[in-house]
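Have a look at the structure below before the remarks.
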Amino acid sequence: MAQEPASETGSGGQRTTKVGVVVSDVCEQTVTIKVVTPVRHKKYHRIIRRTTRFLAHDAQNRCKIGDMVEIRECRPISKRKHWRVVRVIRGARVAVSQASVEGVGA
């Protein structure tokens, strides 16, 4: 009886996926993703936005600040990084250039 090779969704069960926005791409092959989750307040019954930051592995360094990406849970790659970028859903709406950050002419 031949066994199939373990895949991403193999013996580990279903892998969680989340959608978020890239807030930092400073590190090599690592991006910081901000995921916003709406939660109902127990007492006041208002919707509150909870934000969580995840470190995700970006092997091709294709993510830029402001991109909306989909990340999937994976094996631990480092101490805090156990998510992998699956795809870039939408590019950044406004390109941030180095000249605008430094304030050219000021």
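Okay, residues lined up against (1) surrounded by 15 or more Cβ atoms within 10 Å (Cβ to Cβ); (2) at pLDDT below 95:
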| site | (1), (2) |
| --- | --- |
| LYS42 | no, no |
| ARG53 | no, no |
| HIS57 | yes, no |
| VAL85 | yes, no |
| GLY91 | no, yes |
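Quick one: in the range 59-70, which of the residues that are closer than 18 Å to VAL19 by Cβ and not hydrophobic (A, V, I, L, M, F, W, C) is surrounded by the most Cβ atoms within 10 Å (Cβ to Cβ)?
Taking the range 59-70 and keeping what is closer than 18 Å to VAL19 by Cβ, we get 62-70.
Filter again for not hydrophobic (A, V, I, L, M, F, W, C), leaving 62, 64, 66-67, 70.
Numbers: ARG62: 13, LYS64: 14, GLY66: 16, ASP67: 21, GLU70: 16.
Going through the qualifying residues, I end up with ASP67.
I want to confirm something. Restricting to the range 33-88 and keeping residues that are among the acidic types (Asp, Glu) and not in a loop (DSSP other than H, G, I, E, B), which single residue is farthest from ARG15 (Cα to Cα)?
First pass over the range 33-88, keeping only residues among the acidic types (Asp, Glu): 58, 67, 70, 73.
Cutting the leftovers down to not in a loop (DSSP other than H, G, I, E, B) gives us 70, 73.
Numbers: GLU70: 12, GLU73: 6 Å.
Among them, the one singled out is GLU70.
Do you know which residues across the range 30-40 are touching a residue at least 40 places away in the same chain (Cβ under 8 Å) and within 18 Å of ARG93 (Cβ to Cβ)? Let's see the steps before the verdict.
To start, the set of residues in the range 30-40 that are touching a residue at least 40 places away in the same chain (Cβ under 8 Å) comprises 30-31, 33.
Matches in the range 30-40: VAL31, ILE33.
Can you name the residue in the range 12-29 that is over 17 Å from GLY91 (Cα atoms) and surrounded by 11 or more Cβ atoms within 10 Å (Cβ to Cβ) and is also modelled with the lowest pLDDT among such residues?
So the residue we want is GLY12.
Which of the numbered conditions does GLU73 fail, given that it passes all the others? Conditions: (1) at pLDDT 95 or above; (2) closer than 21 Å to ARG93 by Cβ; (3) surrounded by 11 or more Cβ atoms within 10 Å (Cβ to Cβ).
All conditions are met except number (2).
The values are calculated or read from the model by the stated rules, or taken from the named source; none is laboratory data. These numbers were taken from a predicted model, which means no experiment stands behind them. Positions of Cβ are backbone-derived with ideal geometry, glycine not excepted, and every protein chain shown enters the neighbour counts.
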